[in-house]
1. So if each residue of separation counts as 0.36 nm, and I subtract the Cα-Cα distance between residue 5 and residue 110, what length gain in nm does that give?
2. Give the peptides 152-163, 53-64, 258-269 in descending order of average Cβ contacts within 10 Å, highest first.
3. Once you charge only the Cβ atoms, +1 for Lys and Arg and -1 for Asp and Glu, what is the size of the charge dipole of the chain about its Cα centre, to the nearest 20 debye?
4. What number do you get for the stretch 141-267 when its Cα radius of gyration is normalised by 2.2 N^0.38 Å, N = residues?
5. With no solvent and one equal point scatterer per Cα, compute the Debye intensity ratio I(q)/I(0) for the chain at 0.09 Å⁻¹ and report its log10, rounded to two decimals.
6. May I ask you to list, by number, the DSSP H helices of the chain whose Cα span along the axis is at least 15 Å and whose average Kyte-Doolittle hydropathy reaches 1.6 or more?
7. What whole-number volume per residue, in cubic angstrom, does the convex hull of the C-alpha atoms of the stretch 272-344 give?
8. Under the Kirkwood approximation applied to all pairs of distinct alpha-carbon atoms, what is the hydrodynamic radius of the stretch 1-104 in Å?
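No lab work stands behind these numbers, since they all come straight from the coordinates. Values in this document were obtained by computation on a predicted structure and should not be read as measured data. Here the Cβ positions follow ideal geometry from the backbone for every residue, glycine too, while neighbour counts run over all protein chains shown.
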Amino acid sequence: MYNPNTTIKQNPIILGIESSCDETAAAVICGRKLLSSEIISSATEQAKYGGVVPEIASRAHTDAVDEVVRRALNSANVKITELDAVAVTYGAGLLGALLVGLSFAKSLAYALNIPLIAVNHIRGHMAAAYLQDETLKPPFITLLASGGHTAVLHTQSYSGFEVLGGTCDDAAGEAFDKVARVLGLEYPGGVNVERLAKDGKNIIVFPQSLVKNSEKLQFSYSGLKTAVINYCHNAEQKGEKINPCDVACSFQHAAVDPLVKKTVESAKKLGAGTVTAGGGVIANGYLRETLSAGCEKAGLKLILPEKKYCTDNAAMIAAEGLIQYSSGNFADMSLNAKAHIPLK
Ligand code: KG4
Ligand code: ZN
């Protein structure tokens, strides 16, 4: 619970809880050291419906939240009474889903009389890199690409960042999911597009995800998505067969190449020596390879969280919780869930 007299420890033990979509997750950190990260996912159940059904997600979180927290404490070998704070995602996400994790975290913080920390999910994705490299310090350039966001950021301090450019329509992850649906692939779409793309050989020219001749850096995924849909529908109308691997591979190139190119260019332009990345799309193998190669060629240090810390998890929520803990930024019991929170 909020207490103005809370002593701020150097290496606090923080429990992170995440329930914004279809993953119920809990993790424990001690300072920047990750002690455990557990996930119970309802993705298989959601796949039957072709996407996340909010009601099913909320019920699955209710079933799983107690168990996932117990698992996280057990595998961290931490007693519940040893926790110094509870950090929880309060948005953005599905309201009913968020409320499960949030109510659980509030009860825990109240019962243990420890601070409650409100974490913006997307700030969690940005903070995942701090656990990957315990010595990482701002400033650096961050490539953020998830189901709801796509942006290149200049992270200037632990709490401050500038948006160098973002998408003017769909997010990269959203485009991966829509292309997956057009290709008849199961939910979750992004990883299945990546699987097909591995066998693609012939590149089809689709529009790149970059707005050309724009004064500021801007990405766009709606034109690319529509081009892929039209390509598939035109072939269907003519009774022609498409090669799904070629389509997936060509889409992946058009979606990812501008993100990588502009991230590296931004780092060079601003003289930032380090690049980090976060969000579900950063789990994409092709993106990881090209970003690594691009950073190496430009002499930039790349801190890339492991794939399991790019997609939704609670380790990143605890990591962002630590940043807020360190500046005594605690929430009180009136904290409520928010479906939308602007990036800035
Ligand atoms: O960060 P995340 O798990 O949830 C949000 O905060 O949105 O991101 C989910 C998005 C989905 O759109 C999913 O298709 C995409 O990340 N994604 C991928 C891959 N894994 C997840 N996209 C491309 N390749 C992947 N391997
Ligand atoms: Zn996410």
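1. On the way: separation 105, 0.36 × 105 = 37.80 nm, distance 1.54 nm.
Here the segment from residue 5 to residue 110 would lengthen by 36.3 nm.
2. Numbers: 152-163: 16.9, 53-64: 18.6, 258-269: 20.6.
Top to bottom by mean Cβ count within 10 Å: 258-269, 53-64, 152-163.
3. Numbers: 32 positive and 33 negative charges, 146 e Å.
With Lys and Arg at +1 and Asp and Glu at -1, about 700 debye.
4. On the way: Rg = 15.4 Å, N = 127, 2.2 N^0.38 = 13.9 Å.
Cα Rg divided by the expected 2.2 N^0.38 Å: 1.11.
5. -0.48
6. Numbers: long enough: 54-76 (31 Å, -0.36); 95-112 (25 Å, 1.63); 121-132 (18 Å, -0.04); 172-182 (16 Å, 0.07); 222-237 (22 Å, -0.36); 244-270 (39 Å, 0.04); 285-297 (18 Å, -0.55); 315-326 (17 Å, 0.88).
Qualifying helices, which must be both long enough and hydrophobic enough, are 95-112.
7. Values: hull volume 9.8 nm³, N = 73.
Convex hull of Cα atoms, per residue: 135 Å³.
8. Numbers: mean 1/r = 0.0701 Å⁻¹.
Taking the inverse mean of 1/r over all distinct Cα pairs, the stretch 1-104 comes out at 14.3 Å.
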